[in-house]
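Notes to accompany the following structure.
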Amino acid sequence: MSTQMNLAYDYPLLSAFWTMLWFFLWIMWFVLLFRVVLDIFRDDNLNGWAKAGWLVFCIVLPFLGVFVYVVARGKGMGRRELAQAREQQEAFNAYVRETAGGGRSGVDELARLADLRSRGDITDEEFARAKTVVLSGGAPEGRATSVTSTPETPDTSVGSTPGRR
């Protein structure tokens, strides 16, 4: 048998270290390359030809293209990344506010009701009923609120307990 078998002890520790270092540098290189390409497309200040030129430069001469791009436009890369992160955070916060609070607080509802009453769209009785609903946090689920009941008269609709509001 003339085939040589490589064993683990034939690969020294320093060689293993250098192999891991080159592997991680290679991974970092691809991460940087993809970030540069994404930044080229994200940049609104560049027109189509400039984006195409940078992209061709990064593809034809990848090491030189990426390093020149980072030197020439690196500060802008950070600003664009930060702006995108802020936009995403603001969109998330708006979504959470909309989902959690329905977009309106009790104060907003009371102001809207007062405006409707001042315009004459609702009567004083309707305003008082709506105000009690807003101040109580809304009607409990599973219980129908009667339109004709007022705070002075208990709600005697089906499924409700007399005297409890």
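FYI, it's all coordinate maths here, none of it is from the lab. Small disclaimer: the values here were computed from a predicted structure and weren't measured. For neighbour counting, all protein chains shown are included, and Cβ atoms are generated from backbone atoms with ideal geometry for every residue, glycine included.
Shape analysis of the stretch 57-123 places it in the prolate category; the axes a ≥ b ≥ c from the Cα gyration tensor give an a/c of at least 1.5, with a/b above b/c. Across the stretch 8-101, the mean sequence separation of Cα contacts (distance under 8 Å, 6 or more residues apart), normalised by length, yields a relative contact order of 22 percent. The order of F57, F63, going from fewest to most other C-beta atoms within 10 Å of their C-beta, is F63, F57.
Each Lys and Arg adds +1 at its Cβ and each Asp and Glu adds -1 at its Cβ; summed about the Cα centre, the stretch 8-101 shows a dipole of about 260 debye.
Is the shape of the stretch 8-101 best called rounded, prolate or oblate, per the rule: a/c under 1.5 gives rounded, else a/b larger than b/c gives prolate, else oblate, with a ≥ b ≥ c the square roots of the Cα gyration tensor eigenvalues? Oblate, since a/c reaches 1.5 and b/c is not below a/b. Spacing of the modelled spin labels on A85 and M28, each 7 Å from Cα toward Cβ, amounts to 1.9 nm. Were the residues from E125 through L38 laid out at 0.36 nm apart, the gain over their Cα-Cα distance would be 25.3 nm. Of M77, M5, M20, the sequence from fewest to most neighbouring Cβ atoms within 10 angstrom is M5, M20, M77.
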